[in-house]
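A.B. asks: Before I ask anything, let me first share the structure, which is written out below as structure tokens.
The values are calculated or read from the model by the stated rules, or taken from the named source; none is laboratory data. Predicted model only: the values in this text are computed from it and were never measured. Note that each Cβ is placed from the backbone with ideal geometry, even for glycine, and that neighbours are counted across all protein chains shown.
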Amino acid sequence: MMKAGQRVLYVGVGTGEDALLAARAGVHVTCLDLSGAMLRRLRRRFAEEGMRAEIVEADIVDYDSGRPFDVVVANFVLNVFPEAAMREVLRHIESLLSPEGVLLIADFTPPGQGLFERAIFPAYYRPINIAAWLLRLCALHPIYDYARVFPDAGLELVTRSSQSSQRHARTHVHSSRFYECIVAKPLCDWRQ
């Protein structure tokens, strides 16, 4: 899904492992994060590898590059927002995409509709989230069903993968029953 020469925005880039992989493949990478400390570490990593990227310290809802992106990647970042803010972020991300662009999301899989899945999910997910929160690795956060929100953000679901154990080539995240990789694109008539 990412090709050499494409413009790709990483939202909430963090340590930037995925962004480095994309840059190595010849993608024009823009890295966006609120954490200046994280971005300084990322700049060092890019410099050590002799790679180039535009690295921006900003809030996603305030960011505008002036040119659309072919791909926007939001891995494990949308869930840190309250639902109303997450919806606003998705609408803004859609505005940053070219009409043929795609949004790639890797995140926790929302619980299924079955009684067993709804029962087991909190037992698996909540202790991990609390442990990470105690270690100051993330905020306590909900798990969203992004596809349900896409139409209001001008997006449509292309694919959703949560059963595969193979490494997701587009987001560089392993999919499993508890994590999913989502591909979305702008609705055809949304901006008209």
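A.B. asks: Kindly indicate which of 104, 97 is under 18 Å from residue 33 (Cβ atoms), touching a residue at least 40 places away in the same chain (Cβ under 8 Å) and surrounded by 18 or more Cβ atoms within 10 Å (Cβ to Cβ).
C.D. replies: Sole residue among the options that is under 18 Å from residue 33 (Cβ atoms), touching a residue at least 40 places away in the same chain (Cβ under 8 Å) and surrounded by 18 or more Cβ atoms within 10 Å (Cβ to Cβ): 104.
A.B. asks: So which pairs qualify, if the first residue must be in region 42-54 and within 19 Å of residue 72 (Cα to Cα) and touching a residue at least 12 places away in the same chain (Cβ under 8 Å), the second must be of a type in the set (S, T, N, Q) and surrounded by 15 or more Cβ atoms within 10 Å (Cβ to Cβ), the Cβ gap must be under 9 Å, and the two must be at least 6 apart or on different chains?
C.D. replies: Correct list of pairs: 53/30; 54/30.
A.B. asks: Out of the residues in region 71-89 meeting the condition of being under 14 Å from the mean Cα position of the chain (by Cα) and of a type outside the set (A, V, I, L, M, F, W, C), tell me which one is modelled with the highest pLDDT.
C.D. replies: 87
A.B. asks: Across region 49-87, what is the number of residues that are assigned to a strand (DSSP E or B), of a type in the set (A, V, I, L, M) and touching a Leu at 6+ places or on another chain (Cβ under 6 Å)?
C.D. replies: If we filter region 49-87 for residues that are assigned to a strand (DSSP E or B), which is where we start, we get 54-57, 69-75.
Those left that are additionally of a type in the set (A, V, I, L, M): 55-56, 71-74.
Going one step further and asking which of them are touching a Leu at 6+ places or on another chain (Cβ under 6 Å), we end up with 55-56, 72-73.
Qualifying residue count for the region: 4.
A.B. asks: Okay, moving on. Are there any pairs with C-beta distances below 6 angstrom linking a residue in region 1-29 that is within 17 Å of residue 45 (Cβ to Cβ) to a residue that is in a loop (DSSP other than H, G, I, E, B) and among the β-branched types (Val, Ile, Thr), with the two at least 6 apart or on different chains, and if so which?
C.D. replies: 8/27; 12/77; 19/13
A.B. asks: Name the residues in region 57-76 that are farther than 15 Å from residue 101 by Cβ, in contact with a Gly (Cβ under 8 Å, 6 or more places away or on another chain) and of a type outside the set (Val, Ile, Thr), would you?
C.D. replies: 57, 75, 76 - these are the residues of region 57-76 that are farther than 15 Å from residue 101 by Cβ, in contact with a Gly (Cβ under 8 Å, 6 or more places away or on another chain) and of a type outside the set (Val, Ile, Thr).
A.B. asks: Is it fair to say residue 119 is farther than 16 Å from residue 143 by Cβ and assigned to a helix (DSSP H, G or I)? Talk me through it step by step, then tell me what you get.
C.D. replies: Values: farther than 16 Å from residue 143 by Cβ: no; assigned to a helix (DSSP H, G or I): yes.
Spelling it out, it is not the case that residue 119 is farther than 16 Å from residue 143 by Cβ and assigned to a helix (DSSP H, G or I).
A.B. asks: I've got another one for you. Is it the case that some residue within region 90-97 is closer than 25 Å to residue 183 by Cβ, modelled with pLDDT of 90 or more and not in a helix (DSSP H, G or I)?
C.D. replies: For region 90-97, residues closer than 25 Å to residue 183 by Cβ, modelled with pLDDT of 90 or more and not in a helix (DSSP H, G or I): present.
A.B. asks: What are the residues in region 4-40 that are more than 13 Å from residue 60 (Cα to Cα) and touching a Gly at 6+ places or on another chain (Cβ under 8 Å), if any?
C.D. replies: Result: 4, 5, 26, 27, 28, 38.
A.B. asks: Go through the residues of region 33-44 one by one and say whether even a single one is touching a strand residue (DSSP E or B) at 6+ places or on another chain (Cβ under 8 Å), closer than 26 Å to residue 187 by Cβ and modelled with pLDDT of 95 or more.
C.D. replies: No, that holds for no residue.
A.B. asks: Hey, any hits in region 163-178 for a residue that's of a type outside the set (Val, Ile, Thr), at pLDDT 85 or above and over 24 Å from residue 19 (Cβ atoms)?
C.D. replies: no
A.B. asks: Then there is this: Does region 123-146 hold any residues that are under 19 Å from residue 82 (Cβ atoms) and either charged (D, E, K, R) or not in a loop (DSSP other than H, G, I, E, B) (or both), and which are they?
C.D. replies: Passing the criteria: 125, 126, 129, 130, 132, 133, 145, 146.
A.B. asks: Can you name the residue in region 15-42 that is in a loop (DSSP other than H, G, I, E, B) and of a type in the set (A, V, I, L, M, F, W, C) and is also surrounded by the most Cβ atoms within 10 Å (Cβ to Cβ) among such residues?
C.D. replies: Top of the filtered list is 27.
A.B. asks: Kindly check whether there is at least one residue in region 131-152 that is modelled with pLDDT under 90 and at positive phi.
C.D. replies: yes
A.B. asks: Yes or no: residue 80 under 29 Å from residue 148 (Cα atoms), surrounded by 15 or more Cβ atoms within 10 Å (Cβ to Cβ) and in contact (Cβ under 8 Å) with a residue 24 or more places away in the chain? Steps first, please.
C.D. replies: Working: under 29 Å from residue 148 (Cα atoms): yes; surrounded by 15 or more Cβ atoms within 10 Å (Cβ to Cβ): yes; in contact (Cβ under 8 Å) with a residue 24 or more places away in the chain: yes.
Criteria met by residue 80.
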